[in-house]
Each structure stands twice: as structure tokens, then as C-alpha cells.
1. Keeping all protein chains in the complex and leaving out DNA, RNA and ligands, what accessible area do you get for Met113 with a 1.4 Å probe, in Å² to the nearest 10?
2. With r defined as the distance between the Cβ atoms of Ser43 and Asn93 and R0 fixed at 45 Å, what FRET efficiency is calculated, to the nearest 0.05?
3. Which far-off residues, 5 or more places away or on another chain, put their amide H under 5 Å from the one on Met113, with H placed in the peptide plane?
4. What list of ³J(HN,Hα) couplings, whole Hz, do you get for the range 123-134 from phi and the Karplus terms 6.51, -1.76, 1.60, once you set θ to phi - 60° and write x for glycine and proline?
5. How would you rank 39-45, 185-191, 156-162, highest first, on the average number of other Cβ atoms within 10 Å across their residues?
6. Quick check: with the 1.4 Å probe, what order do Glu132, Glu116, Glu81 take by accessible area, largest first?
7. Roughly how many nanometres apart are two label points built 7 Å out from the Cα toward the Cβ at Gln150 and Asn56?
8. Under 5 Å between amide hydrogens, which residues at least 5 positions from Leu64 or on another chain qualify, with H placed 1.01 Å from N in the peptide plane?
Amino acid sequence: MSRKTHCARALAPMAIALLLASCGDDATPVAAAAQNDRMPPASALPDCASIAATTNGFVDGWALAKDSGPFHHDADNYGVECSWISPRAQSGNPHEIIQAMAFGVIINVHAHMQTEAEVRSIGWIVDDPSVEDVGGFLVFPSGRMDFDKQLRVVGPNVTVGKTSVSVSQTGMMLVNEIDEGKPMTNRRAVDAAVAVHRLIDR
């Protein structure tokens with residue numbers, strides 16, 4: 001897969017991550033910063049193998065895209081981007097390839113990440129106890145998510161302090177058979193994002 005294709009696939013989840021990053025430097029006055037509001041160092045972020053384990057076998061047999069791994073824009077923005085290519089995409093059979101999928105997880109650490117109150121003001125917050133348990137909030141466009149539906153290109157984003165974890169799935173045809181009848185639902189995606197946050201050493 002070319003880097004151009006890979007970058008295009010990452011645009012949707014990265015767009016949400018960028019929207020969560022405040023453009024200005026005007027910070028809302030707060031009391032003492034909570035531990036979760038600290039920016040974890042790049043060395044504290046999990047690698048793609050550890051992130052894969054949070055999917056409970058979903059990406060077993062999938063190929064990790066060669067340009068996956070850490071990224072570093074500057075001291076205020078860095079993270080880890082991991083993408084996996086489904087077994088169908090690795091097949092030489094065009095009938096298989098047309099049903100190929102890609103699954104991606106992006107950890108984005110940003111010094112100016114928007115707060116829950118700021119995101120809630122635009123109606124993009126979905127209340128979820130599992131996310132609240134890690135001190136975070138769940139972001140999804142429109143603020144309404146069907147947890148039982150299959151994960152799509154615009155997936156859930158779980159933000160804890162200065163760190164967000166986005167999960168997405170793309171493909172010409174999203175098929176369930178790849179995971180033996182257990183599709184990557186929005187619920188599973190949120191649970192994976194929460195598990196990734198638990199791997200981060202804050």
C-alpha cells in the first residue's frame with residue numbers, strides 16, 4: 001500500500017483529532033492540573049504490537065502497514081499511528097481484494113487538546129461509563145452513536161487529558177466474515193481505545 005493511500009485513509013480519524021486540538025493559546029482557567037492532563041512523554045506510548053493486543057485478536061493475521069509507528073510533529077504534538085491490512089487485501093484474488101479492509105488506531109498527544117466542556121458545547125460527547133472510568137470522554141460526530149453498529153471510517157475518539165485515541169475502519173466493502181462473525185463494532189472499538197489509554201504510563 002502506498003503512503004499516499006495510507007495517508008488518505010488516516011484523514012478522517014485525524015480530522016477529529018485535529019478538531020479536538022485547540023487552535024489558540026488562550027487556556028481556560030483551571031485549578032491544579034490533574035495527572036491525566038499532563039502530556040505523557042513519547043516513550044510512555046505503547047507500540048503497535050501492544051495496541052494490536054487491545055483488539056482481542058481482531059487483527060490476528062492482518063499485516064501491519066510499513067509506515068505505522070511513532071510520529072512527531074513538534075514538542076506540542078506527537079503520537080503513534082498504527083494501521084493493519086486485512087488478509088483479503090493480501091490476497092492475489094481480485095474478488096478477495098475488493099472486500100479488503102484496513103483498521104487503524106491513532107494515539108494523538110497535543111498540548112492544546114480541547115476539554116470535555118468545550119467538546120460538549122458542540123454536541124459531540126457520547127456518555128459512556130467505561131470511558132468515564134479512565135477519566136476521559138467519548139467523542140463522536142453528532143453526539144449519537146449506535147454501539148452495536150460496525151465501525152466505519154469515522155469512528156470513536158476517546159480523550160483523556162492531552163491524549164486522544166481514535167479508532168477507524170475503512171474498505172471498499174466492509175464485511176463481517178473477516179473476524180469470524182464478530183465484526184469490529186463501535187462498542188469493541190471504544191473498549192479497545194480505553195484499553196490503549198490504560199497502556200499509557202502517565
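1. It works out to around 10 Å².
2. Working: r = 42 Å, r/R0 = 0.93.
According to the calculation, E is roughly 0.60.
3. Ser22
4. Karplus values, whole Hz, x for Gly and Pro: x, 9, 9, 10, 6, 8, x, 5, 6, 5, 5, 9.
5. Numbers: 39-45: 14.7, 185-191: 21.3, 156-162: 25.3.
Packing proxy ranking, top to bottom: 156-162, 185-191, 39-45.
6. Values: Glu132 105, Glu116 75, Glu81 35 Å².
The most accessible residue leads, giving Glu132, Glu116, Glu81.
7. In this crude spin-label approximation the distance works out to 1.9 nm.
8. Ile85
The values are calculated or read from the model by the stated rules, or taken from the named source; none is laboratory data. Since this is a predicted model, take the numbers as computed values, not measurements. Ideal geometry is used to build each Cβ from the backbone, glycine not excepted, and the neighbour counts take in all protein chains shown. With ligands, DNA and RNA removed, areas are computed over all heavy atoms of the protein, side chains included. Shrake-Rupley method; radii C 1.70, N 1.55, O 1.52, S 1.80 Å.
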